[in-house]
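Participant: Starting off with a structure, shown below.
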Amino acid sequence: MDIPLSKDDRAFWNSLFEVGKGLQNKFEVKAALVVSAHWNTRGTFVNISPEQEQIFDYYGFPKEYYEVKYHAKGAPDIAREVKKIVPSVAETTDWGLDHGAWPMLMHLFPNANIPVFQMSIDYYAKPEYHFQLGKQLQSLRDKGVLIIGSGSLIHNIQLGAQKFRSGDMTPFGWEPEYDEWIKKQIDSGNFQNVINYETSHKLGKLAAPTPDHFVPVLYSLGLMDKKDEINYFYEGMATIPAFSERSFIIGNHLS
């Protein structure tokens, strides 16, 4: 992770900064809802707290990783709209902003002027559940809510650790094949192949052995309607093994 680096030192952070600037110039963003790979539960929860605790849910890093601060307010009224739309979602105040949310948000909205809240990932639900839940939340887009799926299309930390331990940070070599295949499925509208990611490609289970980092993309795809376009605002290959940073926004908002 490169959390302490500034946007001037990390291209991905700078791309988020430009996206946030573009969105705020073009739209009135009333709140941001983040579906983060790092809040996994049984069932789906939405955080309705007016204050958002910054959660440092990573361990063993140098002290500068714990000195970065981001203080954003919550959006309880908008968060409660989620339960009105999907009654099975439970409300809670027992979370905040984890490292799937605040490191990204501090570049997307560096002034912390946009209220934010998270919705958890039901770790035990099937991929189709996440896609359909995204569809159900489409109406929030019309109310000025930016919905963010924060994960990684390729994320195999256990496999990558085999190289990390020896100081080898080079990719394995198979990552571009899967990354390009996923892009092709998204671009051609073959969302069912993305939903069935575990079996629709030979590298699926290798790229995403657990659902937490992959399924956030299903929320983003579920949010799309027929007139939406996809804009890839970051396509740089990751500099560590078994990882992807491909990122996109729907709706043609950056043109």
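Matching residues to (1) more than 23 Å from SER6 (Cβ to Cβ); (2) of a type in the set (A, V, I, L, M, F, W, C):
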| position | (1), (2) |
| --- | --- |
| PHE56 | no, yes |
| TYR66 | no, no |
| GLY74 | yes, no |
| VAL82 | yes, yes |
| SER88 | yes, no |
| LEU97 | no, yes |
| HIS107 | no, no |
| ASN111 | no, no |
| SER120 | yes, no |
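Participant: Out of the residues in the stretch 196-255 that are in a helix (DSSP H, G or I) and within 22 Å of VAL34 (Cβ to Cβ), which is farthest from the chain's Cα centre (by Cα)? Give the steps one after another, and end with the answer.
Facilitator: Step one: filter the stretch 196-255 for residues in a helix (DSSP H, G or I), giving 204-207, 216-222.
So of that shortlist, the ones also within 22 Å of VAL34 (Cβ to Cβ) come out as 216-222.
Details: PRO216: 6, VAL217: 7, LEU218: 10, TYR219: 9, SER220: 9, LEU221: 12, GLY222: 14 Å.
Within the stretch 196-255, the match that is farthest from the chain's Cα centre (by Cα) is GLY222.
Participant: Also: For the stretch 11-29, which residues satisfy the criterion of being more than 18 Å from the chain's Cα centre (by Cα) and in a loop (DSSP other than H, G, I, E, B)?
Facilitator: Of everything in the stretch 11-29, those that are more than 18 Å from the chain's Cα centre (by Cα) and in a loop (DSSP other than H, G, I, E, B) turn out to be PHE27, GLU28.
Participant: What are the residues in the stretch 152-183 that are part of a helix (DSSP H, G or I), charged (D, E, K, R) and out of contact with any strand residue (DSSP E or B) (no Cβ under 9 Å at 6 or more places or on another chain), if any? Before the answer, list the steps.
Facilitator: First pass over the stretch 152-183, keeping only residues part of a helix (DSSP H, G or I): 157-164, 175-183.
Add one more test, that the residue is charged (D, E, K, R), and what stays is 163, 175, 177, 179-180, 183.
LYS163, GLU177, ASP179, GLU180 - these are the residues of the stretch 152-183 that are part of a helix (DSSP H, G or I), charged (D, E, K, R) and out of contact with any strand residue (DSSP E or B) (no Cβ under 9 Å at 6 or more places or on another chain).
Participant: Tell me whether the stretch 184-195 contains one or more residues that are buried (at least 16 other Cβ atoms within 10 Å of the Cβ) and part of a loop (DSSP other than H, G, I, E, B). First the steps, then the outcome.
Facilitator: We begin by selecting, within the stretch 184-195, every residue buried (at least 16 other Cβ atoms within 10 Å of the Cβ); these are 185-186, 191, 193-195.
Keeping just the survivors that are part of a loop (DSSP other than H, G, I, E, B) gives none.
For the stretch 184-195, residues buried (at least 16 other Cβ atoms within 10 Å of the Cβ) and part of a loop (DSSP other than H, G, I, E, B): absent.
Participant: Taking the stretch 196-222, which residues are buried (at least 18 other Cβ atoms within 10 Å of the Cβ) and free of Cβ contacts under 8 Å to residues at least 24 places away in the same chain?
Facilitator: Within the stretch 196-222, HIS201 is the sole residue that qualifies.
Participant: Going by the structure shown, is PRO50 of a type outside the set (A, V, I, L, M, F, W, C), closer than 22 Å to PHE243 by Cα and over 20 Å from the mean Cα position of the chain (by Cα)? Can you show your working first?
Facilitator: On the way: of a type outside the set (A, V, I, L, M, F, W, C): yes; closer than 22 Å to PHE243 by Cα: no; over 20 Å from the mean Cα position of the chain (by Cα): yes.
Judged against the criteria, PRO50 is not a match.
Participant: Further, regarding this structure: Of the residues that make up the stretch 235-254, is at least one under 16 Å from HIS130 (Cβ atoms), touching a strand residue (DSSP E or B) at 6+ places or on another chain (Cβ under 7 Å) and buried (at least 21 other Cβ atoms within 10 Å of the Cβ)?
Facilitator: As a first pass, look at the stretch 235-254 and keep what is under 16 Å from HIS130 (Cβ atoms): 250.
Restricting the remaining residues to those that are touching a strand residue (DSSP E or B) at 6+ places or on another chain (Cβ under 7 Å) gives 250.
Still in the list and also buried (at least 21 other Cβ atoms within 10 Å of the Cβ): none.
Taking every residue of the stretch 235-254 in turn, none turns out to be under 16 Å from HIS130 (Cβ atoms), touching a strand residue (DSSP E or B) at 6+ places or on another chain (Cβ under 7 Å) and buried (at least 21 other Cβ atoms within 10 Å of the Cβ).
Participant: Continuing with the same structure: Which members of the stretch 33-58 meet the condition of being part of a loop (DSSP other than H, G, I, E, B), touching a residue at least 60 places away in the same chain (Cβ under 8 Å) and surrounded by fewer than 22 Cβ atoms within 10 Å (Cβ to Cβ)?
Facilitator: Let us first name the residues in the stretch 33-58 that are part of a loop (DSSP other than H, G, I, E, B), namely 42-44, 48-50, 52-53, 55-58.
From the residues that got through so far, the ones that are touching a residue at least 60 places away in the same chain (Cβ under 8 Å) too are 42-44, 48-49, 52.
Matches in the stretch 33-58: ARG42, GLY43, THR44, ILE48, SER49.
Participant: List the residue pairs whose Cβ atoms are under 7 Å apart, where the first residue sits in the stretch 3-29 and is under 15 Å from GLY251 (Cβ atoms), the second is in a loop (DSSP other than H, G, I, E, B) and at pLDDT below 95, and the two are 6 or more positions apart or on different chains.
Facilitator: Sorted first by the residue in the stretch 3-29, then by its partner, the pairs are VAL19/LEU254; GLY22/HIS253; GLY22/LEU254; LEU23/HIS253; LYS26/HIS253.
The values are calculated or read from the model by the stated rules, or taken from the named source; none is laboratory data. Since the model is a prediction, treat every value here as computed from it, not as a measurement. Don't worry about glycine lacking a Cβ; one is built from the backbone with ideal geometry, like all the others, and counts go over all protein chains shown.
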